[in-house]
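The values are calculated or read from the model by the stated rules, or taken from the named source; none is laboratory data. Keep in mind the model is a prediction, meaning the values are calculated, not measured. So basically every Cβ, Gly included, is an ideal-geometry build from the backbone, and we count neighbours across all protein chains shown.
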Amino acid sequence: MGYASSFVIGILAIAGQFLAPEFPQQGLDLIDSFFIYALLAQFTHLGWAHLVLNLLGLLIVNWGFTGQCTTREWAAIQLASLLWVAFYLSGVERLDWYCGLSGALHFQFACCLLLAFSRSAHGLRTSWPLWVLLAGLCAKLLLEWHSGPSTDALVGGPVAHAAHRGGALGGFLLGLLMLAWSFFSRRRYCA
């Protein structure tokens, strides 16, 4: 059941490729409804290579982390990731143009990684795979922060580093919120 929301996101992304293949090249209207366009733009891609890479990323995040969350948590994380990225790109680090799921994937990865740390059966010192993943995410974000604007030849367009940063930030924030909620709920239940 944990894969159902990811399946819906994948189907919407594939549908976006068929129904609006020219949408990513048109740019976004920043005047009236940038939030809605930024939300919808996550289901459009620069081309088939971009779509396949994002769907593979969605599959990997699902495969690696759905065991760390309940079905409701996973659905909430995925919905929050889409809404947060649209908010972030329309209100915090405004972009003139955006498409794809990479911001939402960074959100999901960061949130689930934080939850995995707290829910790991091993102590934090022995959870080396999680530390490697965290170091990799931090290194990637730092490299993107200092690299400036770039274009990816494989996907055929610019890389939205702001969406990656914003997604990871939102994921960490939601992860902390979920951990606090869990802590205080458990504490209230035990009292």
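Look at LEU58 and say whether it is closer than 30 Å to SER127 by Cα and surrounded by 23 or more Cβ atoms within 10 Å (Cβ to Cβ). Even if it seems obvious, please write down each step before you answer.
Values: closer than 30 Å to SER127 by Cα: yes; surrounded by 23 or more Cβ atoms within 10 Å (Cβ to Cβ): no.
Here the answer is no, as LEU58 does not meet what is asked.
If you go through the range 57-65 one residue at a time, do you hit one that is touching a helix residue (DSSP H, G or I) at 6+ places or on another chain (Cβ under 7 Å) and modelled with pLDDT under 80?
Within the range 57-65, not a single residue is touching a helix residue (DSSP H, G or I) at 6+ places or on another chain (Cβ under 7 Å) and modelled with pLDDT under 80.
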